């Protein structure tokens, strides 16, 4: 267990806004930063080398070895998904498996691995305890396909951690986030919010800034294990709706959630993921005391604070504005030029 | 400070004031900050004429005055209290409290379990009427409940619906010198039911899970547990006041681990509120319920059959059993745990017999 400072960091799934912000935060702290994704990033990051690579293919292993990556931040994990889509399973389970295969083995240079997971791994049901601690996720919890996929993914990560004792593995179960692009935020922002009749569950959220902070801390630090990351305190669903200035309409049938989801889609056009539907009926709250003990840090925003920030519209997007393709090309070109110039200077100095 | 004020004309302030000075007088009054606060939001739509609105506003007061008049007249006429105004006031208070709570909007906080103390206390005036006047509960040994710190309350469970939990909560809040909220543990079955799950959580109940119990006790709360569970509430009338099995003694293990004393409670009267003469098990299975009761009134009278009978209740809080003297490791000693569980069970059973003897009749 050597405490090493990360030198060559690879971030997978870097094109999603959360990962882009993580990259932005890590970039000044490490000498070499690489990012990979299938999609183009919305805006280029000066110090990061972007590689078009799909975690679902074996190229990721070659990439890791060729670039001598010592720290991998795996964020190519889809959580906010409503349809039982083959692609999500491929990304979450097969993608992670490929990535882990690429990082494993005695010749692997990887010493640190941070994997983004979600609170969704616990599912939500009427018989669940009021707080989930880290050891409560397990195969006995049946839930939506996202829950099942995340469980399978975490299992692969745990196996990897056992087989590769040289590599420190951190699994972050992030709470539900409410940025403008998540389903939960769009649902709460409705003027008339259809809720499950007779249910008013507790909601626990996580602010985007805190999510980024947690990932950066675990990438730069040396804490191994699974951690719940979510804001302190809870708000009731009715309270959250009131904060957003909407009105709750208890019209969704409490039994048969698929029917309620279908109705919600017909009424509002919001495709509610199965695990979010569970949360909106029974609630899901995690215990973050392990995070506080090991990291010595807890999320800055409380759940109430996250809701207030969302209501004020202050929870703005992390990446400025999605720039058009030309803009991206231009940024990449300028970056390449600057690098070439810098390297040229170095070569002449030598 | 006052001498400094005129010397400090802040640039943006002066700009604002010049802006106001140029505006006409009426405009200025409308724009000035004070006027904005005082001014009510403009009314939209139809408004009733002023005298009608005044009458509407004063209607509850007139109603109370009329009722008071009627009450005095009836007292003079019959010589006894026919309409008890203090009871009426309880309900009026409840209605006003509910309105006040509705005005909070989103400006309230619940604890991590979803407990809203203010909201819960608003219901206590109604439960108090049930406690004092309907079931005429006599509570003894309330001094055994600690004013501060954790404790695990263990009670027998009876009656088809868990009114005994409500009455124990009311007893501790109404009778204890330092009122405390009791947090009861509920079967997961009820947590999945619409309305009930929401009401139970908001009034401080949580799931009967060892992890939840531990967390509540660690927060120095009073936790109420019914180890018999639905086997207790669903027993036939002929088996009344015969305790069922106390689970596997899990509550004792949790109390030892949390270092909380156990306070046994004997409740008498709860078994007669819905005398269950039969249980339609197939129907219960169909609805996913633990039992489907048949009582002399239910389901024959429909919703009226859900009104509990006015039996006479007694609640006795026994002296605490100090299980916290054992080290936390003792919780794994199944012998000790079962012995302590039996001790609690015997205390409750004997307490039930004592209180049944003290009660003159079922309804008096």
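Tell me, please, whether a residue that is without any contact (Cβ under 8 Å) to a residue 24 or more places away in the chain, part of a loop (DSSP other than H, G, I, E, B) and either more than 14 Å from chain B (Cβ to nearest Cβ) or at positive phi (or both) can be found in the stretch A:250-258. Checked against the condition, which is being without any contact (Cβ under 8 Å) to a residue 24 or more places away in the chain, part of a loop (DSSP other than H, G, I, E, B) and either more than 14 Å from chain B (Cβ to nearest Cβ) or at positive phi (or both), the stretch A:250-258 yields at least one hit. The set of residues in the stretch B:257-292 that are within 30 Å of residue B:332 (Cα to Cα) and over 27 Å from the mean Cα position of the chain (by Cα) contains only B:257.
Selection of the stretch A:306-345 for residues being at pLDDT 75 or above and under 20 Å from the mean Cα position of the chain (by Cα) yields A:306, A:307, A:309, A:310. Among the numbered conditions (1) buried (at least 24 other Cβ atoms within 10 Å of the Cβ); (2) assigned to a loop (DSSP other than H, G, I, E, B), the only one that residue A:40 does not meet is (1). Taken over the stretch B:171-204, residues that are within 13 Å of another protein chain (Cβ to nearest Cβ) and either assigned to a loop (DSSP other than H, G, I, E, B) or closer than 25 Å to residue B:254 by Cα (or both) amount to 18. Could you tell me whether any residue of the stretch B:233-240 is more than 10 Å from every other protein chain (Cβ to nearest Cβ), touching a helix residue (DSSP H, G or I) at 6+ places or on another chain (Cβ under 6 Å) and in contact (Cβ under 8 Å) with a residue 40 or more places away in the chain? There is at least one residue in the stretch B:233-240 that is more than 10 Å from every other protein chain (Cβ to nearest Cβ), touching a helix residue (DSSP H, G or I) at 6+ places or on another chain (Cβ under 6 Å) and in contact (Cβ under 8 Å) with a residue 40 or more places away in the chain. Please determine whether any residue of the stretch B:83-93 is surrounded by 12 or more Cβ atoms within 10 Å (Cβ to Cβ), without any contact (Cβ under 8 Å) to a residue 12 or more places away in the chain and within 14 Å of another protein chain (Cβ to nearest Cβ). Looking through the stretch B:83-93, none of the residues is surrounded by 12 or more Cβ atoms within 10 Å (Cβ to Cβ), without any contact (Cβ under 8 Å) to a residue 12 or more places away in the chain and within 14 Å of another protein chain (Cβ to nearest Cβ).
I'd like the residue in the stretch B:111-157 that is outside the structural domain of residue B:191 (by TED's automatic domain parsing), touching a residue at least 40 places away in the same chain (Cβ under 8 Å) and not in a helix (DSSP H, G or I) and, out of all such residues, is surrounded by the most Cβ atoms within 10 Å (Cβ to Cβ). Ranking the candidates gives B:114 first. With respect to the conditions (1) surrounded by 23 or more Cβ atoms within 10 Å (Cβ to Cβ); (2) within 14 Å of chain B (Cβ to nearest Cβ); (3) part of a helix (DSSP H, G or I), residue A:135 falls short on a single one, namely (1).
When residue B:139 is tested against (1) at pLDDT 95 or above; (2) under 25 Å from residue A:198 (Cβ atoms); (3) more than 14 Å from chain A (Cβ to nearest Cβ), only condition (2) is not met. Name every residue in the stretch A:30-46 that is modelled with pLDDT of 85 or more and touching a helix residue (DSSP H, G or I) at 6+ places or on another chain (Cβ under 6 Å), in order of residue number. If the condition is that a residue be modelled with pLDDT of 85 or more and touching a helix residue (DSSP H, G or I) at 6+ places or on another chain (Cβ under 6 Å), then A:33, A:35 are the ones that fit. Being crowded, with 16+ Cβ neighbours inside 10 Å, farther than 15 Å from residue B:320 by Cβ, modelled with pLDDT under 90 and touching a strand residue (DSSP E or B) at 6+ places or on another chain (Cβ under 9 Å) is the requirement here; does residue B:160 meet it? Answer is yes for this residue. If you go through the stretch A:102-121 one residue at a time, do you hit one that is out of contact with any strand residue (DSSP E or B) (no Cβ under 6 Å at 6 or more places or on another chain), within 14 Å of chain B (Cβ to nearest Cβ), outside any helix (DSSP H, G or I) and in contact (Cβ under 8 Å) with a residue 60 or more places away in the chain? For the stretch A:102-121, residues out of contact with any strand residue (DSSP E or B) (no Cβ under 6 Å at 6 or more places or on another chain), within 14 Å of chain B (Cβ to nearest Cβ), outside any helix (DSSP H, G or I) and in contact (Cβ under 8 Å) with a residue 60 or more places away in the chain: absent. Total residues in the stretch B:205-217 satisfying the condition of being touching a helix residue (DSSP H, G or I) at 6+ places or on another chain (Cβ under 6 Å) and more than 8 Å from chain A (Cβ to nearest Cβ): the figure is 4. Among the residues in the stretch B:344-363, are any touching a helix residue (DSSP H, G or I) at 6+ places or on another chain (Cβ under 6 Å) and buried (at least 20 other Cβ atoms within 10 Å of the Cβ)? No, the conditions are met nowhere in the stretch B:344-363. Residue B:269 satisfies every condition listed in (1) surrounded by fewer than 23 Cβ atoms within 10 Å (Cβ to Cβ); (2) at positive phi except (1).
Residue B:243 satisfies every condition listed in (1) under 19 Å from residue B:266 (Cα atoms); (2) out of contact with any helix residue (DSSP H, G or I) (no Cβ under 6 Å at 6 or more places or on another chain); (3) away from chain A (no Cβ under 14 Å) except (2).
The values are calculated or read from the model by the stated rules, or taken from the named source; none is laboratory data. Owing to the predicted nature of the structure, the values given are computational and were not obtained by experimental measurement. Methodologically, a virtual Cβ is constructed for each residue, glycine included, from the backbone with ideal geometry; neighbour enumeration extends over all protein chains shown.
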